Structure formats: C-alpha cells, structure tokens
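Take a look at the structure below.
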Amino acid sequence: MKNSRPQAANYFPRDRAWHPQAYAPGYKSSVLRAPQRPLIAFANTLSETTGPAFGHDMIGQLDNDLTLNFAQPGMSAIGERIVVQGRVMDERGQPVPNVLLEFWQANAGGRYRHKKDIYLAPLDPNFGGCGRTVTGDDGAYAFRTVRPGPYPWPNGPNDWRPAHIHISVFGQAFAQRLITQMYFEGDPLIPRCPIVKTINDPAAIDKLVARLDMESSAPMDSLTYRFDIILRGSRSTLFENRLEGN
Amino acid sequence: MTNVTPTPLYPFKESPSQTAGPYVHIGLTPNFCGIEGVYDQDLGIAMVTDKTRGERITVEGRVFDGSGTPLKDVLVEIWQADADGLYNSPAEPRGTADPAFTGWGRCAADQTTGHFRFETIKPGRVPFSDGRLQAPHISIWIVARGINLGLNTRIYFEDEAEANATDPVFERFEHQDRVTTLLAKGGNGTYSHDIHLQGPQETVFFDI
C-alpha cells in the first residue's frame, strides 16, 4: 500500500440547524436575501481547507485598543471601559493560533461611525469603532474598548439591538471563515432581538453571550468580559494524514 | 427502552453565525467608509504586484436580491490558487505558492451601484478530493445585512469550456443548467459575474 500522501483535513460539516436560519422573516432583511434552493455539498478540497494567513507584524500597537486607536493624542473614547478576552478554539477544543480577528461596534451611545447611521445619539469624536488582533500560540486574544450602547433599528415598529460587538474570524481554512456578534450577560434586549432570534436553539444563543469575568477585571480601570470563539473542527485520521499532522 | 443521554464526542460546537449587518465596512474596510488613520490601508484591496506570475484578469459583478435589486451594502471576499494551482497558505501541503500573490481579496461593493471588482490572476487548477483536477475557480464568501450565515459559492470561467466539462464539482449538480450560474462571462482578461440570491437565476451556493 502506498503510504498516505499529505492530505488536507476535512472539516466537520456545519450544523445548519444550530446556526441562524437563512430565511428568518422576523428579521425582514433576510426575506429577499436568503437563497431558496438547497445548498450543494461536496467533500472539502484544498480550495476549502487552505486559507489566508495574517502575521502578528501586521498589527499596529493600538489596533486592539478601540478606546485609543481613533482618539486624539491624550484623549480616549467615552463610555464604560471594558476588556474582552477569550480563546479561539476548534470544535475539538484545540487552540487556533495566529488567526486574525476583526471587531466593530457602535459607540457608548449606540451610534455607528457610518454615513448610513442616522440615530439621534451623537458620534464620539474619539471613537472610530474598529479594532483587530491576531491570536497567540494558545489561541488567546484580548482587546480593550467601551461597552457599546443598544440602539433602535427599522425592522418592527420598536425593535432595539442589544449591546453587541461584531467579530470577524479567519481560521486556518477558508471553510472556517465566520462572522458573529457578541452580546453581554444580563442584557434584557437579547431575547427580544429579531436578529438574535434568527437562531432557534437557546443553547446556541447562549454561546454568543459574553460573561463578566470579575477575577480578570482590572481594579480602578476596566471590567473584563470573557468570550470564547469556536471554529469548525477538522477530521483527520492516521489513515488519511501524516502522523505529525495529528 | 433505555433512556440514553447523548454525550458529545467533541467538547464544543462552532460559534453560531450572526449577520455582518449594514455597518460591516467599519470593521473590515474602515478606510472605505471614511474611518481613516486607524489602519494604513484596508486589507485585501491589492492582490497582485508587478512580480505576481500569471495572466492578469479583472472580475467584476453585482449581487442581486430576490427583487432584482443589487445589494449596495454587500462585502465579498475571494480566495484562489496562484497561477500554478498552489494556495498561499500554511495549510497548503503541496509546495510553496507564488510569494507575490496572496490569493485573498476583499471588496466592499460600490455604495451607489453595488459593483464589486477584483484585479487578480487566472488561477491554476487544483485537485479534487479524489485527485482529479478541478476547473480553474475562485472561491467566494458573501456577507451583508440580511445574510445570517456567510454564503459560499465559486466563480468559474466561461472560456475554460474544456476544463469545465469534466469538473468534479459540476458533476454533483442534479440540475446541470445551474452550472451557468457559476460561469464568469467574458474573456481576454475581463470577466463579469453577477450573483443572484434568489429567483430563476439563483446562483449555486455550497455547503462546504
């Protein structure tokens, strides 16, 4: 038997009952943007199991500090100072090192720095709303920001988004690419939100709720929220892969 | 009957997706939406340099909703092999790709017309899981307000008829007339490729 050649791992199939539904009429924007034909599945190829890599050298000193990275010298963003930290792991619990995370959010008043956002709350001249970092060897990441405000949005007659931070994640493979949103423990708007409710399983929603981590919070400085991010795991067996790949 | 409580074999499940929303530009293309000075430039806006090997091509198109309206708030990422069919990725086991080609591009659609546009190269061929060669293709990932989980599709090329005729992914299609929804039209280095989220021309999306 020919010894097995290096072969990229296959990723665990996405559990599409766990993810939000594409067509979720409570979230009106999804109605005309949800594909209606069945998705076509095929075994992963290298087109799916490879993905772009971003080095630590790309990251600027303030990229992971949203309180400072848009602020005038000596100034910082207004709002409740927080640190968000956690680990990026795969479904097997293995850390996912050296992957790019990008964040964006509204300011403390619930207003985005975007020409399409016309909410009454004012812009903060010292807050841009974007940040990024690359995970360490143990998959850990952290960034400092202000807690975003909730805000109303045109969907139902009186729909409000819970406070949330958008997070974009690259894994090691294009098949792991993911964008999600992080919510805050105890926010009464979470169960009322039509976007949250595109997810059917309460256990899945719970995975998007960051916990207050009092032990990690810095006294007289900022509260810490803990948010772990899980990417798809991969199947690799001794029959399919090099020994060193396992 | 014994009541079995299933024990998960793996400790975690993938974090559920949520829509990128209407303000995705703030996070992924801040310079594009006027947030300047945080990053030197937006990621993924330049895929090729003078040193990149391969045939230069331009791919542009729009993403349409079920009413035929182009999405003006969509963000598209592409991922492709170099001219020799190698990916510039640590997960590429077959060799080292062209260092002058990242293979990855990101483009926020024009906020007036909805057009996305990539200046890249024609990708080489990449093997399927069984070793047969796939036709040249570019993987695409689409996010926007109203899209709850990023959509995966591919761009193939109309002028690669011979390779397309034996492509192993196309063989999976029960409805062969849908192959045309993945073919970028054009030639001589300029291609156009529209994506339809719904309707009679609905693009094929993949569960990868």
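Checked against the criterion of being part of a loop (DSSP other than H, G, I, E, B), buried (at least 18 other Cβ atoms within 10 Å of the Cβ), modelled with pLDDT of 95 or more and of a type in the set (F, W, Y), the range A:95-104 contains not a single residue that satisfies it. Condition (residue is within 13 Å of chain A (Cβ to nearest Cβ), loosely packed, with under 13 Cβ neighbours inside 10 Å and closer than 30 Å to B:G187 by Cβ) applied to the range B:23-42: is it met by at least one residue? Within the range B:23-42, none of the residues are within 13 Å of chain A (Cβ to nearest Cβ), loosely packed, with under 13 Cβ neighbours inside 10 Å and closer than 30 Å to B:G187 by Cβ. Checked against the criterion of being among the small types (G, A, S), out of contact with any strand residue (DSSP E or B) (no Cβ under 7 Å at 6 or more places or on another chain) and closer than 21 Å to A:V209 by Cβ, the candidates A:G93, A:G136 yield just one match: A:G93.
There is no residue in the range B:170-184 that is polar (S, T, N, Q) and either part of a loop (DSSP other than H, G, I, E, B) or in contact with a Pro (Cβ under 9 Å, 6 or more places away or on another chain) (or both).
Of all the residues in the range B:158-200, those that are within 23 Å of B:P127 (Cβ to Cβ), within 14 Å of chain A (Cβ to nearest Cβ) and loosely packed, with under 14 Cβ neighbours inside 10 Å number 3. With respect to the stated conditions, A:P191 is under 30 Å from A:F12 (Cα atoms), surrounded by fewer than 21 Cβ atoms within 10 Å (Cβ to Cβ) and more than 14 Å from the chain's Cα centre (by Cα).
Any residue that is in a helix (DSSP H, G or I), under 30 Å from B:F206 (Cα atoms) and more than 8 Å from every other protein chain (Cβ to nearest Cβ) - is there at least one of those in the range A:178-193? No, because not a single residue in the range A:178-193 is in a helix (DSSP H, G or I), under 30 Å from B:F206 (Cα atoms) and more than 8 Å from every other protein chain (Cβ to nearest Cβ).
Checking each residue in the range A:48-81 for being more than 30 Å from A:R235 (Cα to Cα), away from chain B (no Cβ under 11 Å) and not in a loop (DSSP other than H, G, I, E, B) picks out A:D57, A:R81.
When the residues of the range B:185-208 are filtered to those that are outside any strand (DSSP E or B) and small (G, A, S), the one that is nearest to A:H19 (Cα to Cα) is B:G199. Against the numbered list (1) free of Cβ contacts under 8 Å to residues at least 12 places away in the same chain; (2) surrounded by fewer than 23 Cβ atoms within 10 Å (Cβ to Cβ), B:P16 comes up short only at (2).
Is it the case, given these coordinates, that A:R92 is farther than 23 Å from A:G55 by Cβ, assigned to a loop (DSSP other than H, G, I, E, B), basic (K, R) and at pLDDT 95 or above? Answer is no for this residue.
Could you grab me the full set of residues in the range A:214-231 that are within 24 Å of A:R92 (Cα to Cα) and either away from chain B (no Cβ under 14 Å) or surrounded by fewer than 21 Cβ atoms within 10 Å (Cβ to Cβ) (or both)? Across the range A:214-231, the qualifying residues are A:Y225, A:R226, A:D228. For the condition farther than 27 Å from A:R113 by Cα and within 18 Å of the chain's Cα centre (by Cα), A:P95 qualifies. Only residues that are surrounded by 15 or more Cβ atoms within 10 Å (Cβ to Cβ) and either polar (S, T, N, Q) or part of a helix (DSSP H, G or I) (or both) were counted across the range A:201-213, and they come to 2. Residue under question is A:R37, and the condition is that it be at the interface with chain B (Cβ under 7 Å from one of its Cβ atoms), assigned to a loop (DSSP other than H, G, I, E, B), buried (at least 17 other Cβ atoms within 10 Å of the Cβ) and of a type in the set (D, E, K, R); does it hold? No, not satisfied.
The values are calculated or read from the model by the stated rules, or taken from the named source; none is laboratory data. If you're wondering where the values come from, they're calculated on a predicted model, not measured in any experiment. Please note: Cβ atoms are built from the backbone with ideal geometry, for glycine as well, and neighbour counts cover all protein chains shown.
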